[in-house]
Structure formats: structure tokens, C-alpha cells
1. Roughly how many nanometres apart are two label points built 7 Å out from the Cα toward the Cβ at residue 88 and residue 47?
2. Taking amide H positions as placed 1.01 Å from N in the peptide plane, with prolines and chain starts having none, which residues 5 or more places from residue 8, or on another chain, fall under 5 Å of its amide H?
3. As a check on your grasp of the helix formula, calculate [θ] at 222 nm for the chain: sum -39500 (n - 2.57) over DSSP H runs of n ≥ 4, divide by the residue count, round to the nearest 500.
4. Beyond 24 Å, how much of the Cα-Cα pair distribution for the chain remains, as a whole percent?
Amino acid sequence: MNVEFSSSVSKGGNLLKPQILTINNHFVSVRQRQSIFSTEERTIPRNIISGVEITRRLIGCNIYITTNGGMTISLENFSRDDAEEIKAIILGI
């Protein structure tokens, strides 16, 4: 399995620097372009994820993925449907 989601411009996301979340069987990765020449990427193993929280806003949702070690990955400006699907996939619901 390899599923990819992107922050939504219509929900307030950046057109030129979207956050892209990739989920596969073993890892969750978030990448975002910082400039023309650089991209920031964070990858965590799925087996250390302790929770996924969704914060609904007036337009869109923010997603917070926490690990057993206390690290949090923040994702902003995703659609509500994508946020619920991301949570279900990561937590295996």
C-alpha cells in the first residue's frame, strides 16, 4: 500500500509549497518544498505512532500525528474527508 495526500489550496494551503503526506505499510512521511532547491521531509515508522488528532477549523482541518517518544508531526489545511481517511489508515480503523 502506498497512499498520498496533499494539503488543499481551497482550505488555505500554499499553492507553491503544499504539504504532502505519504503512508505506506511501514512509514509515514511528510514533505514540503522550502524553496526551489530544497525540500523538508520527515519520516516516522508507523509502529511508533501513538495517536492521530484532527482539529477542525472553519475551513479545512489540521492533523497532529504523535509518537510514543513525544514527537508530533503537524499537517495543515487538509480537507475533512482526507483528514478522516488519514486517521483511519494510520490507526487501522
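Derivation of every value follows stated rules applied to the coordinates shown; laboratory data play no part. Keep in mind that this is a model prediction, so the values were computed, not measured. Quick reminder, even Gly has a Cβ in these numbers, built from the backbone with ideal geometry, and neighbours come from all protein chains shown.
1. Taking the simple label geometry, residue 88 and residue 47 are separated by 2.7 nm.
2. Answer set, sorted by chain and number: 13, 78, 79.
3. Value at 222 nm, helices only: -4000 deg cm²/dmol.
4. On the way: 664 of 4278 pairs.
So the pairs more than 24 Å apart make up 16 percent of the total in the chain.
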